[in-house]
Amino acid sequence: MGASNSTSTLSSTFFLTGIPGYEEFHHWISIPFCLFYLVGITGNCIILHIVRTDPRLHEPMYYFLAMLSLSDMGMSLPTMISLLRVLWSISKEIPFNICVIQMFLIHTFSFTESSVLLAMALDRYVAICHPLRYATILTPKLIAKIGIAALLRSALPLMPLLTRLAFFPFCHSHVLSHSYCLHQDIIRLACADTKFNVIYGLVVITMLWGMDSLGILVSYVFILHSVLRIASREGRLKALNTCASHICAVLILYVPMIGLSIVHRFAKHSSPFTYIFMAHIYLMVPPVLNPIIYSVKTKQIRQGVLHLILPHKIFSSM
């Protein structure tokens, strides 16, 4: 019976949802989404190119920034094709196996981004509180290990959740509430006891996001304590300014993430538009805003962007 359910589920098809109530405007709505994707992909690719090609940026802070850009792209790119297929009226269907892969990528890279933000907080802590030991503590080898660990700790806990989905029967509606697949969305459609997935999912979210947010908070407590001991006001402002971009990146990720989780778990009777709006903010805003924030607030990145887009003579005269 279990094998029969598994076979049936693996061959099933789900139906994605666009913007409810605005179906006749989907083609027009796709224009800002295309612009968002274009800005996000271009911005993050520029960051990666600058960090790779400029030897001055081969430092821990910029390696972590490159990891953040990769996480941003990994979180948003899996949604692009399915979203545009829906908005352009090409197809709303998505096979179960593709849905699971998309779900895995979205959740993995959202957790990875949170882990990278924690690593960036630790980077700021070491840079401000132990500046003389900065290069000896954050070696390239350690940074590579941190990146691999961030990816593994984000991906491995998802395996039990996604594996169990193959054994759930979906005997009623196959219509998802988004234009891409999310775990908390698809388990609502299962005709089975999903208690394990719900509880285990909450535990994973609490452990990963909870530990990351706590680590970031503790890092900034130590940073603030160290900054307040700096004698000059200019020195304190300069130290805090190096953290401004990171604080913005943390807020951009965590606020929509928490909002989406609250809507899914405690506002089940809300308008479908609320679910979709929150999900789009959660997945699209960080990849778009993070490159802009770091380009504006970080001098070295800003210079790299200007050097890339302006003719050499104009850049040299600036």
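Scanning region 74-100 for residues that are more than 24 Å from Val288 (Cβ to Cβ) and of a type in the set (Lys, Arg) yields one hit, Lys92.
Out of the helices (runs of 4 or more DSSP H) lying entirely within region 133-247, which hold 1 or more residues that are among the aromatic types (Phe, Trp, Tyr)? Can you show your working first?
Working: elements: 134-137, 140-155, 159-165, 183-186, 195-228.
In region 133-247, the matching helices (runs of 4 or more DSSP H) lie at 134-137, 195-228.
Considered as a group, the residues in region 158-183 that are under 17 Å from the mean Cα position of the chain (by Cα) and within 15 Å of Leu208 (Cβ to Cβ) include one that is surrounded by the most Cβ atoms within 10 Å (Cβ to Cβ), and that residue is His183. Might you check whether a residue that is open to solvent by less than 60 Å² (accessible area, probe 1.4 Å) and over 30 Å from Ala166 (Cα atoms) occurs anywhere in region 69-87? Looking through region 69-87, at least one residue is open to solvent by less than 60 Å² (accessible area, probe 1.4 Å) and over 30 Å from Ala166 (Cα atoms). Taking the conditions (1) touching a helix residue (DSSP H, G or I) at 6+ places or on another chain (Cβ under 6 Å); (2) modelled with pLDDT of 85 or more; (3) of a type in the set (A, V, I, L, M, F, W, C) in turn, Leu228 satisfies each one other than (1). If you go through region 270-291 and keep only what is polar (S, T, N, Q) and part of a helix (DSSP H, G or I), you end up with Thr274, Asn290. When Ser114, Ser110, Ser89 are checked against the criterion of being on the phi > 0 side of the Ramachandran plot and in contact (Cβ under 8 Å) with a residue 12 or more places away in the chain, Ser89 stands alone in meeting it. Out of the residues in region 15-61 meeting the condition of being over 15 Å from His280 (Cα atoms) and in a loop (DSSP other than H, G, I, E, B), tell me which one is least open to solvent (accessible area, probe 1.4 Å). Filtering first and then ranking leaves Asp54.
The values are calculated or read from the model by the stated rules, or taken from the named source; none is laboratory data. Quick caveat, the model's predicted, so the values are computed rather than measured. Backbone-built Cβ (ideal geometry, glycine too); neighbour counts: all protein chains shown. These accessible areas exclude ligands, DNA and RNA; they are computed on the full protein's heavy atoms, side chains included. Shrake-Rupley method; radii C 1.70, N 1.55, O 1.52, S 1.80 Å.
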